[in-house]
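Please read the structure below before turning to the comments.
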Amino acid sequence: MICPACKHDMIVVEYHSIELDYCNNCRGVWFDSGELELLLKSQGLEEQKAFLDGILNSQEAASSEDKRNCPSCGRKMKKTAIGGQPEILIDACRNNHGLWFDGGEVTQLIRRLAGEGPREHDSKGHVIGFLEAVFGPSESK
């Protein structure tokens, strides 16, 4: 798969039998339809399903960011703002193929949904730690 942000080849990262597409260059993450829900459910955050369902039905957010093309269908995705301040601005495929998170945004979302910082000995802390290690913002960017 080609990264919708920087156009580099992406790699597949598997976590708890969920395959995510990850860009080593810009550290963005593509979740195919349903993968984010599976990840949250695997870590005991299933009560967030209604929140995630609302992402696809929300109004398009005003943004100066370039619109990205869906890596599955090639159509322009809509910008969707999640949460309070600061908002997390993600890209959602209008055909429900998936969601694009720029580098560091997955970790921000999981932390917000968990409602706390990572704890070392519970499943929420474990998934947040994993996401920070793999999908966190690049040191050089």
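None of the figures in this text is laboratory data; all of them are computed from the coordinates on show. For clarity, every value in this text was computed on a predicted model and none was experimentally measured. Because the Cβ atoms are built from the backbone with ideal geometry, glycine has one as well, and the counts that use them run over all protein chains shown.
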Net charge near Lys78: determine it from the other residues with C-beta under 11 Å of the C-beta of Lys78, scoring Lys and Arg +1 and Asp and Glu -1. +4
Between Lys76 and Ser42, what length in nm is gained on full extension when 0.36 nm per residue of separation is reduced by their alpha carbon distance? 9.2 nm
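Please give me the summed charge of the neighbours of Glu19: other residues whose Cβ is under 13 Å from its Cβ, Lys and Arg +1, Asp and Glu -1. Kindly include the intermediate steps, with their values, before the conclusion.
Working: positive: none; negative: Glu14, Asp21, Asp32, Glu35.
Summing Lys and Arg as +1 and Asp and Glu as -1 gives -4.
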Given the Cα-Cα distance of Leu89 and Asp66 and 0.36 nm per residue of separation, how much length would full extension add, in nm? 7.1 nm
